[in-house]
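Below is one structure; the comments refer to it alone.
The values are calculated or read from the model by the stated rules, or taken from the named source; none is laboratory data. What you are looking at is a predicted structure, and each value in this text was computed from that prediction instead of being measured. So basically every Cβ, Gly included, is an ideal-geometry build from the backbone, and we count neighbours across all protein chains shown. These area figures cover heavy atoms from the full protein model, side chains too; ligands, DNA and RNA do not enter into them. Shrake-Rupley method; radii C 1.70, N 1.55, O 1.52, S 1.80 Å.
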Amino acid sequence: MNIKSLLLGSAAALAAVSGAHAADAVVAAEPEPLEYVRICDAYGAGYFFIPGTETCLKIGGKVRTEGQWYDAYNPQHVTGTLWHTRAELQLQTATDTEYGALKTNTELRWDWNDGNSTSTNFLHGSISLGGFTIGKEDSQFNVFTGYAGDVINDDVVYDGPYELNQITYNYDAGNGFTAVISVEDTNSGSGATGSNGEDSSDHYAPDVVAGVGYKAGNFGFKVVGGYDSIVEEGAIKARVDADFGVFSAFVMGGYNTDGSKLNKYAGANGGGDAAGIGWGDWAVWGGASVPINEKLKWNFQVAYTDSKIFSATTNVKFNPVKNLLIEPEVTYTNWDSINEDQWAGILRFERSF
């Protein structure tokens with residue numbers, strides 16, 4: 001074998017080995033294309049598509065800390081500064097369907113008070129589709145009329161229950177006319193059910209709320225009624241709102257079908273010696289909001305009842321930057337029937353997102 005033959009043989013062997021290694025080589029897979037978060041603006045600001053789905057998600061909430069002095073609801077609560085901190089997380093989803101938007105609302109709340117008093121609350125959880133809502137939300141006796149004034153202590157005079165299971169249908173004609181009908185859980189909520197000695201242990205009939213409203217231009221009117229099936233009594237509220245540009249105002253009146261009794265829709269919020277003092281036959285609320293500039297607004301509310309509860313509250317809402325609120329508030333309450341009164345104050349700091 002000459003040198004030329006040896007070199008050619010070696011080259012052929014190297015080529016064969018190289019080919020074998022090339023056949024065994026691992027080829028890297030093509031990278032999957034990244035799916036960036038897509039904005040979903042069909043349901044309002046803050047929604048985005050959950051990657052890989054057609055469901056839109058909105059994440060929100062707030063963190064709040066506040067100092068409280070005395071208690072507008074309880075004349076015996078004269079403790080000095082109470083420091084309270086709260087966090088809330090809200091998750092909302094929406095998906096387009098042939099029947100309209102399929103939505104969910106979930107809200108969790110955590111509270112911490114000085115003295116190591118803590119609590120966790122499953123605040124809201126509901127499903128809605130085509131005008132129907134089912135699950136846990138505030139009573140439509142409050143929601144439909146828009147609660148009371150733009151103050152923290154807006155319900156020193158009780159204005160209705162919160163946080164209860166319900167099946168609700170809301171109707172909006174698109175021309176200013178709205179209506180609501182709601183079947184609400186008798187055994188849940190913040191109302192006064194059973195406070196007159198009624199036995200609710202084997203009671204399953206639901207409570208019922210119904211209301212109608214009309215808005216034209218800067219004026220709106222709503223009336224809503226609630227029936228407590230355990231007490232077999234109820235209440236009616238009517239509210240008028242007006243926006244005059246330089247200020248907005250409201251007046252709301254309530255009627256109790258039996259002023260000698262409390263029911264879920266005409267109850268009581270007082271504590272201490274004021275516990276159990278309801279409206280009597282009627283209650284009235286009124287208030288106004290005055291925007292001073294784009295960062296500052298002044299609010300006040302007064303309320304009075306047939307049982308001679310008087311409450312007056314005023315506050316200032318200051319937003320030094322977007323989504324940051326500083327809110328000092330003062331409330332005076334007088335319970336004439338027990339010859340008691342109380343001053344109370346709150347200084348709140350709140351960051352929403």
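Scan the range 326-336 for residues that are in contact with a Lys or Arg (Cβ under 7 Å, 6 or more places away or on another chain) and open to solvent by 20 Å² or more (accessible area, probe 1.4 Å) and jot them down.
Selection gives 336 alone.
Given the residues 223, 231, 209, 183, which is the only one that is modelled with pLDDT of 95 or more, among the hydrophobic types (A, V, I, L, M, F, W, C) and crowded, with 21+ Cβ neighbours inside 10 Å?
Details: 223 fails: crowded, with 21+ Cβ neighbours inside 10 Å; 231 fails: modelled with pLDDT of 95 or more; 183 fails: crowded, with 21+ Cβ neighbours inside 10 Å.
Selected residue: 209, the only one of 223, 231, 209, 183 that is modelled with pLDDT of 95 or more, among the hydrophobic types (A, V, I, L, M, F, W, C) and crowded, with 21+ Cβ neighbours inside 10 Å.
Considering only residues of the range 337-346 that are touching a strand residue (DSSP E or B) at 6+ places or on another chain (Cβ under 7 Å) and open to solvent by 60 Å² or more (accessible area, probe 1.4 Å), which is nearest to residue 85 (Cα to Cα)?
Checked the range 337-346; the qualifying residue nearest to residue 85 (Cα to Cα) is 343.
With respect to residue 189, is the statement that it is touching a residue at least 60 places away in the same chain (Cβ under 8 Å) and buried (at least 18 other Cβ atoms within 10 Å of the Cβ) true?
Yes.
Given the options 108, 102, 123, name the one that is open to solvent by less than 30 Å² (accessible area, probe 1.4 Å), at pLDDT 95 or above, of a type in the set (A, V, I, L, M, F, W, C) and more than 24 Å from residue 283 (Cα to Cα).
After applying the criteria, what remains is 123.
Confirm whether residue 129 is within 12 Å of the chain's Cα centre (by Cα), under 21 Å from residue 163 (Cα atoms) and open to solvent by 40 Å² or more (accessible area, probe 1.4 Å).
On the way: within 12 Å of the chain's Cα centre (by Cα): no; under 21 Å from residue 163 (Cα atoms): yes; open to solvent by 40 Å² or more (accessible area, probe 1.4 Å): yes.
Criteria not met by residue 129.
Which residue, of 91, 102, 123, is touching a residue at least 12 places away in the same chain (Cβ under 8 Å) and more than 30 Å from residue 68 (Cβ to Cβ)?
Residue meeting the stated conditions: 102.
Output the residues belonging to the range 76-99 that are of a type in the set (A, V, I, L, M), over 30 Å from residue 343 (Cα atoms), in contact with a Phe, Trp or Tyr (Cβ under 9 Å, 6 or more places away or on another chain) and open to solvent by 40 Å² or more (accessible area, probe 1.4 Å).
Residue satisfying the conditions is 89 alone.
State yes or no: is residue 163 of a type outside the set (Gly, Ala, Ser) and in contact with a His (Cβ under 8 Å, 6 or more places away or on another chain)?
The answer is yes for residue 163.
For residues that are among the hydrophobic types (A, V, I, L, M, F, W, C) and open to solvent by 40 Å² or more (accessible area, probe 1.4 Å), scanning just the range 50-75, find the one that is farthest from residue 340 (Cα to Cα).
50
Is there a residue in the range 252-260 that is closer than 30 Å to residue 79 by Cβ and of a type in the set (Val, Ile, Thr)?
no
So which residues in the range 200-219 are closer than 11 Å to residue 178 by Cα and touching a residue at least 40 places away in the same chain (Cβ under 8 Å)?
211, 213
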